[in-house]
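Below: one structure, written as structure tokens.
The values are calculated or read from the model by the stated rules, or taken from the named source; none is laboratory data. Keep in mind it's a predicted model, so treat the numbers as computed, not measured. With ideal geometry, Cβ positions are generated from the backbone for all residues, glycine too; neighbour counts draw on all protein chains shown. Heads up: the accessible areas ignore ligands, DNA and RNA and are worked out on the full protein's heavy atoms, side chains in. Shrake-Rupley method; radii C 1.70, N 1.55, O 1.52, S 1.80 Å.
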Amino acid sequence: MVSSSSRTGPAEGLISLARELRAQGLDARFAADTVRAGENLGEHLAHAGVPWETRLRLSRKVRPADVLHDAARLTAWAREGRYDVFHAAFAHDHMLALWAARRSKSRELRLVRAAQRAVDVTPGALRQRLWALRRSDGVVVHAASYREALLRLGLDPRRVAHLSPGVDARWFSPGTSVEQRAQWGVPADARVAGIVARMKPERGHRVLLLAWAAVERTLPRVWLVLVGRGEDEPQLRALARQLNLERVLFGGYARGPALLEAYRALDVAVWLREGNDGGCRGVLEAMACGLPVVAGNEGAPAELVGETGRVVQASDPASIASALGALLDDAPLSRALGGAARERAVQFTPRRAADATLAFWRSVRELPRISG
């Protein structure tokens, strides 16, 4: 369950998980926001062969009627034994599932929360977040450091799993895209860095532009491309003008083949901060395309990159500029790191992610139920 109408972010990872589990014979289903218009989510699910549980509304606009409807529906399913596991991606889904689990008093149902972001592994105001996590049968995190944080808060180690995301390395693969560079207006022989992420204040685009000002002053024929869209785009464009940046492009939103071409037009990828999907699959996508990644030092990105890129202080323009400058100025080094990144990324298969998730679900079912 994910209370979002977007096909990206946590939804994309959950759809991949459901597809892999269904290939193993499990009846895995997907539920998302059916109140707000989405991005062809139904079409995407149909292509993946994953049923959409449309009888849930899961709208985070928190209209009382929607909340009561979903609570009643989930409670009825729990009592009927329709599902063995409720896997909740966001706090809204989590609280609904907690309510249903407690009301149903089902002995078989297990509730698992995917704690997506750094904030999700903190106690929260009045410790309400910790209260909810402690009443879950299992918690999934995407970074080893987040698991350690939850263990320090007193959660049972048997009930907290660090599970990395998966990437389709057959699709996301190395290549070049002269055509994409031409569309961007970037010279074929230029060195290009890029960030592929939603433009939100917390994603690190602003500090990246501050860092780029130093890179642009130091190195000729280097370009930065911001691929994506979002509410912070006008402010980012204004900041680029304020800093007099001459080699920064806004590449627009890309998905499917266009996303692959965008990665293939880069020499270096940047991923500073996690979004709603703490798994940060975009890091693995870039690595699978043979790109070294300049990764922020918080959460999953640094752990995914390992020694195949550069880990920086996500809030420090000087640290980011130094890493970008070194990789853009040394093509042999960046190619070698990109090759190592590809070798590492191919290990993170969707099947591996699904097998690890299923193994955790089964281990949780062997433990006493605590969500009721």
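Give me the net charge of Pro123's neighbourhood, meaning all other residues with Cβ under 13 Å from the Cβ of Pro123; Lys, Arg count +1, Asp, Glu -1. Don't skip to the end; give the middle numbers.
Working: positive: Arg127, Arg129, Arg134, Arg152; negative: Asp120.
Residues close to Pro123 contribute a combined charge of +3.
Express the accessible area of region 1-125 per residue in Å², computed with a 1.4 Å probe while the remaining protein chains stay in the model. Walk me through the numbers on the way to the answer.
Details: 5710 Å² over 125 residues.
With all protein chains present, region 1-125 gives 46 Å² per residue.
Once neighbouring chains are kept in place and the probe is 1.4 Å, which whole percent of the accessible area of region 239-372 is contributed by carbon and sulfur?
On the way: 2560 of 5350 Å².
Roughly 48 percent, rounded to a whole number.
Using Cα springs under 10 Å in a Gaussian network model of the chain, which residue among Ala300, Ala143, Ala46 shows the largest mean-square fluctuation?
Most flexible of the set in this elastic network: Ala46.
With the contact rule set at Cα under 8 Å and sequence spacing of 6 or more, what percent relative contact order holds for the chain? Could you put the intermediate results ahead of the total?
Values: 709 pairs, mean separation 65.1, N = 372.
That works out to 18 percent.
Report the semi-axes of the equivalent ellipsoid for region 3-137 in whole Å, largest first, where each axis is √(5λ) for an eigenvalue λ of the Cα gyration tensor. Let's see the in-between values first.
Values: eigenvalues 100, 63, 50 Å².
Working through the eigenvalues yields semi-axes of 22, 18, 16 Å.
Across 5 Å bins from the origin, how do the percents of Cα pairs in region 308-352 run, short distances first?
5, 21, 21, 18, 17, 11, 6, 1
With every atom except the alpha carbons ignored, what do you get for Rg and Dmax of region 273-323, in angstroms?
Looking at region 273-323, its Cα Rg and Dmax stand at 10.3, 28 Å.
Any idea how far the Cα center of region 262-300 sits from the one of region 123-148, in Å?
For region 262-300 versus region 123-148, the Cα centre distance is 25 Å.
Can you give the Kirkwood hydrodynamic radius of region 227-372 from its Cα pairs, in Å with one decimal? Walk me through the numbers on the way to the answer.
Values: mean 1/r = 0.0583 Å⁻¹.
Hydrodynamic radius (Kirkwood, Cα pairs) of region 227-372 is 17.2 Å.
From the gyration tensor of the Cα coordinates in region 129-245, what semi-axes in whole Å does the equivalent ellipsoid have, largest first, with each one equal to sqrt(5λ)?
In descending order the semi-axes read 39, 20, 13 Å.
For region 310-372, what is the accessible area per residue in Å² when the probe is 1.4 Å?
Here the per-residue accessible area is 49 Å².
Note down, for region 326-365, the three equivalent ellipsoid semi-axes (square root of 5 times each alpha carbon gyration tensor eigenvalue), biggest first, whole angstrom. Before the final figure, lay out each step's value.
Numbers: eigenvalues 267, 15, 5 Å².
Listed largest to smallest, the semi-axes of region 326-365 are 37, 9, 5 Å.
Give me the percent of accessible area attributable to carbon and sulfur for region 1-141, probe 1.4 angstrom.
On the way: 3300 of 6480 Å².
For region 1-141, the apolar C and S fraction of the accessible surface comes to 51 percent.
Taking region 186-261, which GluC sites (Glu not before Pro) meet the DSSP loop condition and have no more than 16 other C-beta atoms within 10 Å? The partial results should precede the final answer.
Details: sites: Glu202, Glu216, Glu231, Glu246, Glu261; in loops: Glu231, Glu246.
Here the sparse-neighbourhood loop sites are Glu231, Glu246.
Test of understanding: express the Cα radius of gyration of region 50-202 as a ratio to 2.2 N^0.38 Å, with N the residue count. Working shown, then result.
Working: Rg = 20.6 Å, N = 153, 2.2 N^0.38 = 14.9 Å.
Against the empirical 2.2 N^0.38 Å value, I get 1.39 for region 50-202.
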